[in-house]
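Beneath this line is the structure, given in C-alpha coordinates, with notes to follow.
The values are calculated or read from the model by the stated rules, or taken from the named source; none is laboratory data. Small disclaimer: the values here were computed from a predicted structure and weren't measured. When we count neighbours, we look across all protein chains shown, and the Cβ atoms used for this are built from the backbone with ideal geometry, even at glycine. Ligands, DNA and RNA are stripped out before the accessible areas are found, and what is left, the full protein with its side chains, is counted by its heavy atoms. Shrake-Rupley method; radii C 1.70, N 1.55, O 1.52, S 1.80 Å.
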Amino acid sequence: MQMIKAAVAHEFGAPLVIEEVQLRAPEGSEVEVTLDAVAICHSDISYAEGAWGGTLPAVYGHEAAGRVSAVGANVRGLEAGDSVVVTLIRACGACPSCASGSPTVCETPYDGDKGPLKTADGGTLHQAMASGAFAEKVVVEQSQVVKVSPDIPKEAAALIACGVITGVGAVVNAAGLRAGQDVVVIGAGGVGLNAIQGARIAGARRIVAVDMSEEKLAVAREFGATDGVLASGPKPWRAAQKAMGRGADAVIVTVGAIPAYDAAPRYLAGGGKVIMVGMPHSGAMSSYEPVTMAFMGQGMVGSKMGDVVIQRDIPWMVDLYLQGRLKLDELISGRWSLEQINEAIADTKGGAARRNVILFDR
Ligand SMILES: [Zn+2]
Ligand SMILES: [Zn+2]
(Lines give C-alpha, C1' and ligand atoms only; values in the text may rest on other atoms or scores of the structure.)
(Ligands and ions follow the chains in the order given, each with its own letter.)
Protein backbone atom coordinates (compact mmCIF):
# COMPACT_ATOMS: atom_id res chain seq x y z
CA MET A 1 0.00 0.00 0.00
CA GLN A 2 1.30 3.43 -0.92
CA MET A 3 0.09 6.94 -0.24
CA ILE A 4 -0.56 9.27 -3.18
CA LYS A 5 -1.99 12.74 -3.57
CA ALA A 6 -5.50 12.94 -5.05
CA ALA A 7 -8.31 15.48 -5.51
CA VAL A 8 -11.20 14.04 -3.50
CA ALA A 9 -14.91 14.94 -3.74
CA HIS A 10 -16.54 14.77 -0.30
CA GLU A 11 -19.77 16.56 -1.16
CA PHE A 12 -21.58 17.17 -4.49
CA GLY A 13 -21.17 20.74 -5.66
CA ALA A 14 -18.34 21.51 -3.20
CA PRO A 15 -14.68 22.09 -4.16
CA LEU A 16 -12.43 19.03 -4.42
CA VAL A 17 -9.96 18.55 -1.57
CA ILE A 18 -6.32 17.68 -2.26
CA GLU A 19 -5.33 14.99 0.24
CA GLU A 20 -3.28 11.85 0.72
CA VAL A 21 -5.10 8.60 -0.11
CA GLN A 22 -4.15 4.92 -0.21
CA LEU A 23 -3.51 3.16 -3.53
CA ARG A 24 -2.95 -0.57 -3.48
CA ALA A 25 -0.52 -2.32 -5.82
CA PRO A 26 -1.82 -3.76 -9.13
CA GLU A 27 -3.14 -7.33 -8.95
CA GLY A 28 -3.82 -9.89 -11.71
CA SER A 29 -4.45 -8.04 -14.96
CA GLU A 30 -4.19 -4.56 -13.42
CA VAL A 31 -1.63 -1.91 -14.32
CA GLU A 32 -0.30 0.96 -12.22
CA VAL A 33 0.29 4.13 -14.20
CA THR A 34 2.16 7.15 -12.83
CA LEU A 35 0.41 10.09 -14.47
CA ASP A 36 2.01 12.95 -16.37
CA ALA A 37 -1.25 14.60 -17.38
CA VAL A 38 -5.00 14.41 -16.82
CA ALA A 39 -7.53 16.58 -18.63
CA ILE A 40 -10.76 17.91 -17.14
CA CYS A 41 -13.87 16.68 -18.94
CA HIS A 42 -17.45 17.94 -18.60
CA SER A 43 -18.35 14.44 -17.34
CA ASP A 44 -16.05 14.93 -14.34
CA ILE A 45 -17.85 18.18 -13.59
CA SER A 46 -21.33 16.64 -13.99
CA TYR A 47 -20.37 13.83 -11.59
CA ALA A 48 -18.88 16.31 -9.09
CA GLU A 49 -22.11 18.31 -9.22
CA GLY A 50 -24.13 15.15 -8.48
CA ALA A 51 -25.87 15.12 -11.89
CA TRP A 52 -25.63 11.35 -12.20
CA GLY A 53 -25.46 10.28 -8.52
CA GLY A 54 -22.74 7.91 -7.31
CA THR A 55 -20.88 7.19 -4.07
CA LEU A 56 -18.89 9.73 -2.03
CA PRO A 57 -16.11 10.31 -1.23
CA ALA A 58 -14.86 9.82 -4.77
CA VAL A 59 -11.92 10.55 -7.03
CA TYR A 60 -12.95 11.67 -10.55
CA GLY A 61 -10.71 12.17 -13.58
CA HIS A 62 -10.58 9.85 -16.59
CA GLU A 63 -8.61 11.47 -19.45
CA ALA A 64 -5.06 10.57 -18.54
CA ALA A 65 -1.64 9.69 -19.85
CA GLY A 66 1.54 8.62 -18.13
CA ARG A 67 4.03 5.82 -17.79
CA VAL A 68 3.50 2.29 -16.52
CA SER A 69 5.14 1.99 -13.09
CA ALA A 70 4.04 -1.53 -12.04
CA VAL A 71 2.04 -4.43 -13.50
CA GLY A 72 0.04 -7.34 -12.06
CA ALA A 73 1.19 -10.93 -12.54
CA ASN A 74 -1.18 -11.63 -15.49
CA VAL A 75 -0.43 -8.52 -17.55
CA ARG A 76 0.99 -9.23 -21.01
CA GLY A 77 2.45 -6.76 -23.48
CA LEU A 78 3.01 -3.88 -21.07
CA GLU A 79 5.98 -3.19 -18.84
CA ALA A 80 7.31 -0.53 -16.52
CA GLY A 81 8.38 2.56 -18.43
CA ASP A 82 5.88 2.20 -21.31
CA SER A 83 4.11 5.40 -22.35
CA VAL A 84 0.36 4.87 -22.17
CA VAL A 85 -3.05 6.49 -22.53
CA VAL A 86 -5.48 5.58 -19.72
CA THR A 87 -9.21 5.46 -20.56
CA LEU A 88 -12.39 4.69 -18.62
CA ILE A 89 -13.26 1.91 -21.10
CA ARG A 90 -12.96 -1.10 -18.83
CA ALA A 91 -13.83 -4.12 -20.95
CA CYS A 92 -14.08 -7.68 -19.64
CA GLY A 93 -13.40 -9.14 -23.10
CA ALA A 94 -15.83 -12.01 -22.52
CA CYS A 95 -19.41 -10.63 -22.44
CA PRO A 96 -21.53 -10.59 -25.65
CA SER A 97 -20.81 -6.86 -26.24
CA CYS A 98 -17.04 -7.19 -25.84
CA ALA A 99 -17.00 -10.38 -27.89
CA SER A 100 -18.88 -8.65 -30.71
CA GLY A 101 -16.38 -5.82 -30.89
CA SER A 102 -18.25 -3.24 -28.77
CA PRO A 103 -16.12 -2.89 -25.63
CA THR A 104 -17.48 0.61 -24.88
CA VAL A 105 -20.77 -1.02 -23.84
CA CYS A 106 -19.21 -3.91 -21.87
CA GLU A 107 -21.94 -5.65 -19.84
CA THR A 108 -19.80 -6.62 -16.84
CA PRO A 109 -20.38 -4.08 -14.07
CA TYR A 110 -17.53 -2.58 -12.10
CA ASP A 111 -17.88 -1.45 -8.50
CA GLY A 112 -15.59 1.52 -7.94
CA ASP A 113 -16.23 1.27 -4.17
CA LYS A 114 -14.19 -1.95 -4.16
CA GLY A 115 -11.38 -0.61 -6.34
CA PRO A 116 -7.74 0.07 -5.48
CA LEU A 117 -8.38 3.37 -3.63
CA LYS A 118 -8.99 3.93 0.08
CA THR A 119 -9.03 7.03 2.22
CA ALA A 120 -5.91 7.73 4.30
CA ASP A 121 -7.49 5.96 7.30
CA GLY A 122 -8.61 2.93 5.24
CA GLY A 123 -12.23 3.97 4.55
CA THR A 124 -14.15 3.47 1.29
CA LEU A 125 -13.02 5.79 -1.51
CA HIS A 126 -14.87 5.49 -4.82
CA GLN A 127 -12.75 5.06 -7.95
CA ALA A 128 -15.03 6.98 -10.32
CA MET A 129 -15.35 5.85 -13.95
CA ALA A 130 -13.02 2.93 -13.15
CA SER A 131 -10.19 5.47 -13.29
CA GLY A 132 -9.84 7.96 -10.41
CA ALA A 133 -7.29 9.93 -12.39
CA PHE A 134 -7.35 13.25 -10.50
CA ALA A 135 -4.40 11.69 -8.66
CA GLU A 136 -0.67 11.15 -9.03
CA LYS A 137 -1.17 7.48 -9.94
CA VAL A 138 -3.94 5.10 -10.98
CA VAL A 139 -4.37 1.35 -10.82
CA VAL A 140 -6.65 0.20 -13.67
CA GLU A 141 -7.43 -2.89 -15.76
CA GLN A 142 -5.08 -3.60 -18.65
CA SER A 143 -8.08 -3.30 -21.03
CA GLN A 144 -8.26 0.44 -20.20
CA VAL A 145 -4.69 1.14 -21.20
CA VAL A 146 -3.05 1.54 -24.62
CA LYS A 147 0.67 1.76 -25.23
CA VAL A 148 1.54 4.75 -27.42
CA SER A 149 4.63 6.27 -28.97
CA PRO A 150 6.76 8.13 -26.40
CA ASP A 151 7.08 10.87 -29.06
CA ILE A 152 3.62 12.28 -28.35
CA PRO A 153 3.64 14.74 -25.41
CA LYS A 154 1.59 13.35 -22.51
CA GLU A 155 -0.64 16.44 -22.32
CA ALA A 156 -1.71 15.77 -25.91
CA ALA A 157 -2.00 12.02 -25.36
CA ALA A 158 -4.31 12.58 -22.35
CA LEU A 159 -6.87 14.33 -24.55
CA ILE A 160 -7.18 11.29 -26.80
CA ALA A 161 -8.47 9.22 -23.84
CA CYS A 162 -11.96 10.70 -23.96
CA GLY A 163 -12.80 13.88 -25.86
CA VAL A 164 -10.87 12.97 -29.01
CA ILE A 165 -11.99 9.35 -29.36
CA THR A 166 -15.56 10.37 -28.52
CA GLY A 167 -15.70 13.06 -31.22
CA VAL A 168 -13.67 11.38 -33.96
CA GLY A 169 -15.27 7.99 -33.22
CA ALA A 170 -18.81 9.41 -33.38
CA VAL A 171 -18.19 10.34 -37.01
CA VAL A 172 -15.94 7.51 -38.16
CA ASN A 173 -17.40 4.59 -36.18
CA ALA A 174 -20.95 5.53 -35.12
CA ALA A 175 -22.02 7.50 -38.22
CA GLY A 176 -19.81 5.38 -40.51
CA LEU A 177 -19.29 8.52 -42.59
CA ARG A 178 -18.14 8.01 -46.17
CA ALA A 179 -16.06 10.47 -48.21
CA GLY A 180 -18.30 13.08 -49.83
CA GLN A 181 -21.09 12.98 -47.24
CA ASP A 182 -22.37 16.02 -45.36
CA VAL A 183 -22.14 16.47 -41.61
CA VAL A 184 -23.63 18.86 -39.06
CA VAL A 185 -21.89 19.08 -35.69
CA ILE A 186 -23.98 20.70 -32.94
CA GLY A 187 -21.68 22.19 -30.29
CA ALA A 188 -18.11 23.30 -31.03
CA GLY A 189 -16.63 22.49 -27.62
CA GLY A 190 -14.07 19.83 -26.67
CA VAL A 191 -15.97 16.92 -28.24
CA GLY A 192 -17.49 18.92 -31.09
CA LEU A 193 -14.12 20.14 -32.39
CA ASN A 194 -13.01 16.51 -32.52
CA ALA A 195 -16.15 15.46 -34.38
CA ILE A 196 -15.33 18.24 -36.85
CA GLN A 197 -11.77 17.03 -37.36
CA GLY A 198 -13.05 13.44 -37.55
CA ALA A 199 -15.34 14.53 -40.39
CA ARG A 200 -12.41 16.24 -42.13
CA ILE A 201 -10.26 13.10 -41.76
CA ALA A 202 -13.14 10.94 -43.07
CA GLY A 203 -13.41 13.12 -46.20
CA ALA A 204 -16.73 14.89 -45.58
CA ARG A 205 -17.88 17.33 -48.28
CA ARG A 206 -19.49 19.99 -46.08
CA ILE A 207 -18.96 20.21 -42.31
CA VAL A 208 -21.39 22.63 -40.69
CA ALA A 209 -20.68 23.69 -37.10
CA VAL A 210 -23.63 24.92 -35.04
CA ASP A 211 -22.98 26.80 -31.80
CA MET A 212 -24.25 29.69 -29.71
CA SER A 213 -21.19 31.94 -30.18
CA GLU A 214 -19.38 33.39 -33.20
CA GLU A 215 -16.12 32.90 -31.33
CA LYS A 216 -16.64 29.13 -31.14
CA LEU A 217 -17.67 29.00 -34.80
CA ALA A 218 -14.37 30.69 -35.70
CA VAL A 219 -12.47 28.01 -33.75
CA ALA A 220 -14.58 25.34 -35.47
CA ARG A 221 -13.36 26.60 -38.84
CA GLU A 222 -9.74 26.16 -37.67
CA PHE A 223 -10.55 22.49 -37.02
CA GLY A 224 -12.09 21.92 -40.44
CA ALA A 225 -15.67 23.22 -40.39
CA THR A 226 -16.55 24.55 -43.86
CA ASP A 227 -19.53 26.56 -42.58
CA GLY A 228 -20.81 27.93 -39.28
CA VAL A 229 -24.38 28.54 -38.12
CA LEU A 230 -25.46 30.39 -34.97
CA ALA A 231 -27.83 28.22 -32.96
CA SER A 232 -29.38 31.29 -31.35
CA GLY A 233 -31.24 32.36 -34.51
CA PRO A 234 -34.69 31.05 -35.52
CA LYS A 235 -34.65 27.68 -37.34
CA PRO A 236 -30.86 27.32 -37.59
CA TRP A 237 -31.35 24.08 -39.59
CA ARG A 238 -32.45 26.21 -42.55
CA ALA A 239 -29.10 28.02 -42.67
CA ALA A 240 -27.28 24.69 -42.35
CA GLN A 241 -29.31 23.17 -45.20
CA LYS A 242 -28.61 26.22 -47.32
CA ALA A 243 -24.86 25.77 -46.76
CA MET A 244 -25.03 22.08 -47.70
CA GLY A 245 -27.59 22.43 -50.48
CA ARG A 246 -29.45 19.53 -48.84
CA GLY A 247 -29.88 17.88 -45.43
CA ALA A 248 -27.08 16.17 -43.54
CA ASP A 249 -26.12 12.51 -43.74
CA ALA A 250 -25.09 12.72 -40.09
CA VAL A 251 -25.89 15.17 -37.30
CA ILE A 252 -23.56 14.81 -34.34
CA VAL A 253 -25.02 16.22 -31.10
CA THR A 254 -22.01 16.88 -28.88
CA VAL A 255 -23.67 18.96 -26.15
CA GLY A 256 -25.98 17.85 -23.36
CA ALA A 257 -28.49 20.64 -24.05
CA ILE A 258 -32.08 19.56 -24.65
CA PRO A 259 -32.84 22.24 -27.31
CA ALA A 260 -29.92 20.78 -29.33
CA TYR A 261 -31.48 17.30 -29.12
CA ASP A 262 -34.96 18.59 -29.98
CA ALA A 263 -33.66 20.34 -33.11
CA ALA A 264 -31.19 17.68 -34.32
CA PRO A 265 -33.51 15.60 -36.59
CA ARG A 266 -34.52 18.75 -38.49
CA TYR A 267 -31.04 19.01 -40.02
CA LEU A 268 -31.19 15.52 -41.57
CA ALA A 269 -31.39 14.44 -45.20
CA GLY A 270 -33.44 11.37 -46.06
CA GLY A 271 -31.64 8.31 -44.74
CA GLY A 272 -29.56 10.45 -42.36
CA LYS A 273 -28.75 9.66 -38.75
CA VAL A 274 -28.56 11.68 -35.54
CA ILE A 275 -25.61 10.53 -33.43
CA MET A 276 -26.36 11.19 -29.74
CA VAL A 277 -23.12 11.97 -27.90
CA GLY A 278 -23.74 14.84 -25.44
CA MET A 279 -25.11 13.70 -22.09
CA PRO A 280 -27.93 15.74 -20.46
CA HIS A 281 -28.58 15.29 -16.75
CA SER A 282 -30.55 12.20 -15.72
CA GLY A 283 -34.30 12.71 -16.13
CA ALA A 284 -34.07 15.34 -18.88
CA MET A 285 -36.40 14.53 -21.82
CA SER A 286 -36.38 15.37 -25.53
CA SER A 287 -39.06 14.83 -28.21
CA TYR A 288 -39.13 14.18 -31.96
CA GLU A 289 -41.71 13.54 -34.67
CA PRO A 290 -41.76 9.80 -35.43
CA VAL A 291 -43.73 10.08 -38.68
CA THR A 292 -41.02 12.20 -40.30
CA MET A 293 -38.24 9.85 -39.31
CA ALA A 294 -40.18 6.77 -40.43
CA PHE A 295 -41.16 8.33 -43.77
CA MET A 296 -37.66 9.68 -44.44
CA GLY A 297 -35.83 6.53 -43.33
CA GLN A 298 -33.90 8.45 -40.70
CA GLY A 299 -32.48 7.26 -37.40
CA MET A 300 -31.10 8.25 -34.03
CA VAL A 301 -28.39 6.27 -32.28
CA GLY A 302 -26.43 6.79 -29.09
CA SER A 303 -22.64 6.64 -29.26
CA LYS A 304 -20.61 6.07 -26.11
CA MET A 305 -16.90 6.94 -26.23
CA GLY A 306 -17.02 7.03 -30.05
CA ASP A 307 -17.75 3.29 -30.21
CA VAL A 308 -13.98 2.84 -30.17
CA VAL A 309 -11.82 -0.21 -29.85
CA ILE A 310 -8.99 1.56 -28.08
CA GLN A 311 -6.20 -0.81 -29.12
CA ARG A 312 -7.19 -0.21 -32.77
CA ASP A 313 -8.21 3.45 -32.72
CA ILE A 314 -5.87 5.23 -30.28
CA PRO A 315 -2.59 4.27 -32.02
CA TRP A 316 -3.87 5.58 -35.39
CA MET A 317 -4.96 8.84 -33.78
CA VAL A 318 -1.51 9.20 -32.20
CA ASP A 319 0.06 8.58 -35.60
CA LEU A 320 -2.19 11.18 -37.27
CA TYR A 321 -1.12 13.67 -34.59
CA LEU A 322 2.56 12.91 -35.18
CA GLN A 323 1.98 13.46 -38.93
CA GLY A 324 0.31 16.81 -38.22
CA ARG A 325 -3.13 15.60 -39.39
CA LEU A 326 -4.94 15.58 -36.02
CA LYS A 327 -4.91 18.77 -33.95
CA LEU A 328 -4.35 18.15 -30.24
CA ASP A 329 -2.08 20.95 -28.98
CA GLU A 330 -4.66 23.44 -30.26
CA LEU A 331 -7.30 21.82 -28.01
CA ILE A 332 -5.45 22.79 -24.83
CA SER A 333 -6.55 26.09 -23.35
CA GLY A 334 -4.80 25.93 -19.97
CA ARG A 335 -2.21 24.01 -17.96
CA TRP A 336 -2.59 23.68 -14.18
CA SER A 337 -1.13 21.86 -11.18
CA LEU A 338 -3.20 19.38 -9.14
CA GLU A 339 -3.40 22.01 -6.37
CA GLN A 340 -5.12 24.37 -8.85
CA ILE A 341 -7.77 21.83 -9.89
CA ASN A 342 -10.74 23.80 -8.54
CA GLU A 343 -9.65 26.88 -10.51
CA ALA A 344 -9.19 24.71 -13.61
CA ILE A 345 -12.70 23.27 -13.16
CA ALA A 346 -14.16 26.76 -12.72
CA ASP A 347 -12.43 27.83 -15.95
CA THR A 348 -13.89 24.82 -17.81
CA LYS A 349 -17.37 25.63 -16.46
CA GLY A 350 -16.91 29.18 -17.79
CA GLY A 351 -17.49 27.62 -21.20
CA ALA A 352 -14.86 29.34 -23.34
CA ALA A 353 -12.21 26.77 -22.52
CA ARG A 354 -11.28 23.99 -24.90
CA ARG A 355 -9.56 21.54 -22.54
CA ASN A 356 -7.80 22.33 -19.26
CA VAL A 357 -5.02 19.90 -18.40
CA ILE A 358 -3.52 19.08 -15.01
CA LEU A 359 0.20 18.39 -15.28
CA PHE A 360 2.18 16.51 -12.64
CA ASP A 361 5.78 17.38 -11.77
CA ARG A 362 8.06 14.43 -11.51
ZN1 LIG B 1 -14.51 12.49 -20.59
ZN1 LIG C 1 -17.45 -7.07 -21.48
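Relative contact order, whole percent, for the chain stands at 17, derived from Cα pairs under 8 Å and 6 or more residues apart.
Compute the separation of the alpha-carbon centres of segment 239-318 and segment 57-106 and state it in Å as a whole number. If we compute the Cα centre of each part, the gap is 28 Å. Given a 1.4 Å probe and the protein chains as shown, L230 ends up with an accessible area of around 60 Å². The three principal axes of the Cα atoms in segment 167-303 give end-to-end lengths of 36, 29, 28 Å, sorted in falling order. In the full protein context, segment 167-303 carries 43 Å² of accessible surface per residue, based on a 1.4 Å probe and ignoring ligands, DNA and RNA.
Straight Cα distances below 28 angstrom link K216 to the lysines K154, K235, K242, K273, K304, K327, K349, with same-chain residues fewer than 8 positions distant left out. Binning the alpha carbon pair distances of the chain at 20 angstrom intervals from zero yields the distribution 31, 57, 12, 0, expressed in whole percent. The protection proxy used here, the mean number of other Cβ atoms lying within 10 Å of each residue, ranks peptides 329-339, 129-139, 22-32 as follows, highest first: 129-139, 22-32, 329-339. The amide H of G256, built 1.01 Å from its N in the peptide plane, has M279 as neighbours under 5 Å, considering only residues 5 or more places off or on other chains.
Heavy atoms only, probe 1.4 Å: what % of the accessible area of the chain goes to carbon and sulfur, would you let me know? Heavy-atom surface of the chain belonging to carbon and sulfur, 1.4 Å probe: 52 percent. A straight chain from N74 to E214 at 0.36 nm per residue would run longer than the Cα-Cα distance by 45.2 nm.
Which whole number of Å³ per residue matches the convex hull of the alpha-carbon atoms in segment 22-87?
Per residue, the Cα convex hull of segment 22-87 comes to 103 Å³.
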